[in-house]
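One structure is given here, and the rest of the page talks about it.
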Amino acid sequence: MGQATCFHCFEPVPRGLELTVRIDGAAQPMCCYGCQSVAQTIVDQGLTHFYKYRDTSTATPALIPDELQQIQAQLKQYDDPDIQREFVKSTEHTQMATLAIEGMTCAACAWLIEKQLYHIQGVLKVVVNSTTERVQVEWDQRHTQLSQILSAIYAVGYKALPFQQADLEASYERKRKGYIRRLGVAGIASMQTMMVAFGLYYEDIDETTKLYFWWVSLLFTAPVIVYSCQPFFANAIRALKARTLNMDVPVALAMAIMFIASFYATVTDTGEVYYECVTMFAFFLLSGRFLELQARHKALANAANLMKLIPAIAEREAPDGSWSQVMVKYLETGDRIRVRPGDTIPVDGTLETAQAWCDEAMLTGESRPVAKQQGDTVYAGAINQEQAITIQVAATRQDTLLSGIIALQDSAMEQKPKFVRIADVVGRYFIGAMLIVSLLTYTGWLFVDPDRAFWVTLAVLVATCPCALSLAAPTAMSGAVSRLNRTGILLKQAVLVERVPHMKTLCVDKTGTLTKGKFALIQQWYLRSELDETWVMQMAAALEASSEHPLARPFIQAAAPLSGVTTENVPGSGIEGVHGASRYRLGNQSFVEGLSGPLTAPSPSANVFLGDAHGLIAAWQVDDEVREGARDAIQWAQYSGMNVVMLTGDSHARAHALAQALGIDRVFAELKPDDKLHHLEQLRTEGPVLMIGDGINDGPVLAAADGSITFASGSDLAQSSSDVVFLTGDFSALKRLQQTSLKTKAIIRQNFAWALGYNLTILPLAITGFVGPLLAMLGMSISSLIVVSNSLRLMKRAK
C-alpha cells in the first residue's frame, strides 16, 4: 500500500502521523497540523465546495496554528491609520483596499476567499480576481478591521498583504481599456460599413439610395477616424515632429486620404467612397496591437503581485527605549530597529546582537543561511532565521545593496542588443520609398491624365500600405504567445523568438534554477543495525523540532517527532538532546564528534550527522532538490550545439558537485552580481548568450544577456528583468521554447516574404492605373488575411 497523501495540499503524509478531518462525511488524511487547521476552518464555515472545484494540480499552502497566531499579531499593525494612508481609501465609515494574494491558483480559490470574507461582519463588498491574484475588499470600519480581513484569508491557507498599484501598471491598464473601447467602435463600424458596401457592390440601386448609403457609412466611419484611429495619428505626428518615419505614418496618411476622398465624394456626389476600407483597416491594426499589449499584461500583473522583498513596516526603538511600528521609508541612518525571526530585514545595517543567521539566497545565491556576528553588516532583503535581532541602520532607500543591484540592472539594460532599432531602420526605408513612389506617381499622372492622378495615387498608397507588413510579426507573435502560454511559458519580449535559435552559450544559475531552492533528504545512511530506522528518523525529527533552521524542515516532514526529548540549540553547529539516560547530537561533523569521538563520514556528500556517546548513528545528505528536467535539458542544450556554463554565488564545492552530476563542464562559483555580469560579457564575445536565473542577484545578468529566462518562483526583480518566465518548474520548457521559436521565426519570414512580394507585384499595376483604389483595398485586405491565417497556424497545440 502506497503512502497516503494529504487531502488538503496533496503532500505525502508522514508515516505514523494520524491526523484527519471529516469532509462531506468522510475522514480525510492531513499531513500536518496546519492543513488540519485550515481544512477544519473550511468545514466549519460551510465552504467544502472548494474541494470539488479547486485546481488539483497545485497545493494550497497551510500554516500551523502557532504561526497563525504570530501572524495575526503582526497583522494588527495594518490597523494603524498612519500606515493605512499608504494603501487604504477611506470615506466617513467605509474603507477599501486591494490585497495581493499568494497561493491563489484557480477559480475555486477565488470562490473560497470570497465566501470566507463575506462571513465577517462589516465586510460590504469583495471582488476576487484569480487571474491577477488580487482581492478588492470594502468594509465598515465600525464593525471590522483590516487585520481581521487579512487573518481570515490566512486562516484558509493563503497569504495576503495590502497591494499598492504601481504607476507603470496603472498606465498599462488605462492603455488596455482604451484599446478595448477603440476596438469596439471600429468593430461595430466595420460591420455596418461592410453591409452597406455589399449593397453598393451587388445591387442595382438608384443614385438617391446610393447617396443615402454613403451618408450612413460616413456617420459610422467618423467615430473611427476621430476616436479609434487616434493612436495612429498621434504616433505619426510624433514621428514627423521627430523628423523620422514609422509604420504609423503611411497608415495615418492612407486613412486620412481615404476618408477625405470619401467625404469629398459624399458631399459632391462624385467619385467613389472607401469607408469600409477605413474601418476594416483600423480594426485589423488595432486587433494586432491589442493582442501584443495583452501578451505582456499578464507578465506585468504577475510581477506586481509578488510579495515585496522589502517590508513596508519596521520596528524602531524610541529615545525612551520603547519600540514602535514605523514606515520603513521614515527610517534614518543611526536608528535602531528590531527584526523578528522569519522577517525580512528592511535596510542595510550593523548587527548589534551577538550572532544571527541570515538567509541571503535572494541576494547572493548562497542557498545556506549565513552566520553573522556582532558588528557584521546585514543586508536589506535577507531573512532573519533563528532569533530576534537588533540592527543599527547604516543605509536606507537608494543606498542599500539591493538598490545597488537594481541600479546595476538598469545599466545593463542599456547594453542590450537593439533588434527593434534594426527593424525600425528597415521599416523607415520601406515607408520612405513608398511615399516617394506615391509622389512620383501623382506627378507623372498630372502629365498623362490629371483627372486620374489623385485616384491612381490613392490606389498606389492603399495597395502598398504596410498593413500586411505591420501585421506580419504581431499576429505571429500573438499565436506564439498563445502556444507558449498553453505549455506554461510566458513570453514577455517578442524579440527573444528571433534570438533563441542563434544562442551559442547557455548560462544557468544554481540555487532556485537548476535546483528548487528547497532542502530535501537526498541520501541517508543508517550505521547501527540494532536501531530501527523509523526510530532513528523520529529521533532526528524530535531534535530538529525546536530548530527554525531550513535544514531542519526535511526531518520534521519525514517523520513524527519522538516524545520525551529535551533539546538545546547550539547556533551554527546543531542540536543536542536528551532522551531517557542518553544524550544525542544532530548537526555538522565536528559538533557530533564532540560527543561521539572521531567519525568517518560514510560518504563525502554527507553533511548532517546523528550520534551519541557510543559513536555515529546515522548520516544524511541534505541538499537542494534538482529541478525536474534539468539534466535532460542540459544534455539537449549541449546536443543542440550550445555551451553550458554555471554562474552561481554558491560555494565552489557545492557548485562543482552539482555540475558534475548534470554534466556541466564550465563552472564559475562564489560570484557577486557584478562578477556574474563580468563573466557574461566575456562569454558574449563567443556569441549570443541565453541566461537562466531566478534570484535578485541574477537581475543584472538577466537584463544584460541576449535572452533571459526565469521561473514563476523567482524573485520579483528576476521576473521583471527576464524575457521569458517558465510558469512550471520543469526545465523541459526550454526545449519547447526553442521549437516554438523556430516555427515562429519561419512563419514571420513567410509573412514578410508574402507582404513584400505582394507589394512589389501590385505596385506596377497600381502605378500604371490597372488597379484602382477598390481593387487595391481588396488586395490589401486579402494580403492581410493571408498573413493572419498563416500566423494562426501557431495557435495549434504543440506536440
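The values are calculated or read from the model by the stated rules, or taken from the named source; none is laboratory data. Values in this document were obtained by computation on a predicted structure and should not be read as measured data. As a convention, Cβ positions derive from the backbone with ideal geometry for all residues, glycine included, and neighbour counts pool all protein chains shown.
For segment 1-28, residues that are within 20 Å of R553 (Cβ to Cβ), in contact (Cβ under 8 Å) with a residue 24 or more places away in the chain, of a type outside the set (S, T, N, Q) and not in a loop (DSSP other than H, G, I, E, B) total 1. Just one of the listed residues (V701, V622, V644) is crowded, with 17+ Cβ neighbours inside 10 Å, within 26 Å of the chain's Cα centre (by Cα) and not in a helix (DSSP H, G or I), and it is V644. Of all the criteria given as (1) touching a helix residue (DSSP H, G or I) at 6+ places or on another chain (Cβ under 9 Å); (2) surrounded by fewer than 18 Cβ atoms within 10 Å (Cβ to Cβ); (3) at pLDDT 90 or above; (4) not polar (S, T, N, Q), the one not satisfied by V578 is (1). If the condition is being at pLDDT below 85 and either hydrophobic (A, V, I, L, M, F, W, C) or over 27 Å from V701 (Cβ atoms) (or both), then segment 358-384 contributes C358, A361, M362, L363, V370, A371, Q373, A380, A382, I383.
For segment 723-739, the set of residues classified as within 24 Å of A704 (Cβ to Cβ) and of a type in the set (S, T, N, Q) consists of Q738 only. Taking the condition under 19 Å from P311 (Cβ atoms), at pLDDT 75 or above and either basic (K, R) or assigned by TED's automatic domain parsing to the domain that holds Q77 (or both), does A152 pass? For A152, the condition - under 19 Å from P311 (Cβ atoms), at pLDDT 75 or above and either basic (K, R) or assigned by TED's automatic domain parsing to the domain that holds Q77 (or both) - is not met. So which residues in segment 659-676 are closer than 17 Å to L506 by Cβ and within 26 Å of the chain's Cα centre (by Cα)? Of everything in segment 659-676, those that are closer than 17 Å to L506 by Cβ and within 26 Å of the chain's Cα centre (by Cα) turn out to be L671, K676.
Here is a yes/no grid of residues against (1) in contact with a Leu (Cβ under 9 Å, 6 or more places away or on another chain); (2) in contact (Cβ under 8 Å) with a residue 12 or more places away in the chain:
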position: W636; (1), (2): yes, yes
position: Y639; (1), (2): no, no
position: N643; (1), (2): yes, yes
position: T648; (1), (2): yes, yes
position: A653; (1), (2): no, no
position: Q660; (1), (2): no, no
position: E686; (1), (2): no, yes
position: V689; (1), (2): yes, yes
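A655 meets all of the listed conditions (1) part of a helix (DSSP H, G or I); (2) over 28 Å from the mean Cα position of the chain (by Cα); (3) hydrophobic (A, V, I, L, M, F, W, C); (4) buried (at least 22 other Cβ atoms within 10 Å of the Cβ) but one, namely (2). Candidates in segment 715-773 are the residues that are outside any helix (DSSP H, G or I) and of a type in the set (V, I, T); of these, the one that is modelled with the lowest pLDDT is T728. Taking the criterion of being part of a strand (DSSP E or B), modelled with pLDDT under 85 and of a type outside the set (D, E, K, R), the residues of segment 494-525 that qualify are T515, G517, F519, A520, I522. Going through segment 543-593 one residue at a time, which ones are among the hydrophobic types (A, V, I, L, M, F, W, C) and touching a residue at least 24 places away in the same chain (Cβ under 8 Å)? Once the filter is applied, which keeps residues that are among the hydrophobic types (A, V, I, L, M, F, W, C) and touching a residue at least 24 places away in the same chain (Cβ under 8 Å), segment 543-593 yields L543, L551, F555, A558, A559, A560, L562, V565, I575, L586, V592. Filtering segment 545-566 to residues that are among the β-branched types (V, I, T) and in contact with a Phe, Trp or Tyr (Cβ under 9 Å, 6 or more places away or on another chain) leaves only V565. In the set (1) outside any loop (DSSP other than H, G, I, E, B); (2) at pLDDT below 90; (3) within 22 Å of P14 (Cβ to Cβ); (4) not polar (S, T, N, Q), E568 fails one condition alone, (3).
For every residue, the table says whether it meets (1) at pLDDT below 85; (2) of a type in the set (D, E); (3) on the phi < 0 side of the Ramachandran plot.
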residue	(1), (2), (3)
Y201	yes, no, yes
E207	yes, yes, yes
F232	yes, no, yes
R238	yes, no, yes
K241	yes, no, yes
N246	yes, no, yes
M255	yes, no, yes
F263	no, no, yes
T268	no, no, yes
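If you go through segment 526-555 and pick out every residue that is buried (at least 16 other Cβ atoms within 10 Å of the Cβ) and not in a loop (DSSP other than H, G, I, E, B), you end up with 16.
Yes or no: L458 among the aliphatic types (A, V, I, L, M), touching a helix residue (DSSP H, G or I) at 6+ places or on another chain (Cβ under 8 Å) and modelled with pLDDT of 85 or more? No, not satisfied. In segment 319-346, the residues that are exposed (fewer than 12 other Cβ atoms within 10 Å of the Cβ) form Cβ pairs under 8 Å with partners that are of a type in the set (V, I, T), at six or more places apart or across chains, as follows: E332/V393; E332/T396; G334/V393.
The combined condition, being outside the structural domain of V500 (by TED's automatic domain parsing) and among the basic types (K, R), is not fulfilled by R631.
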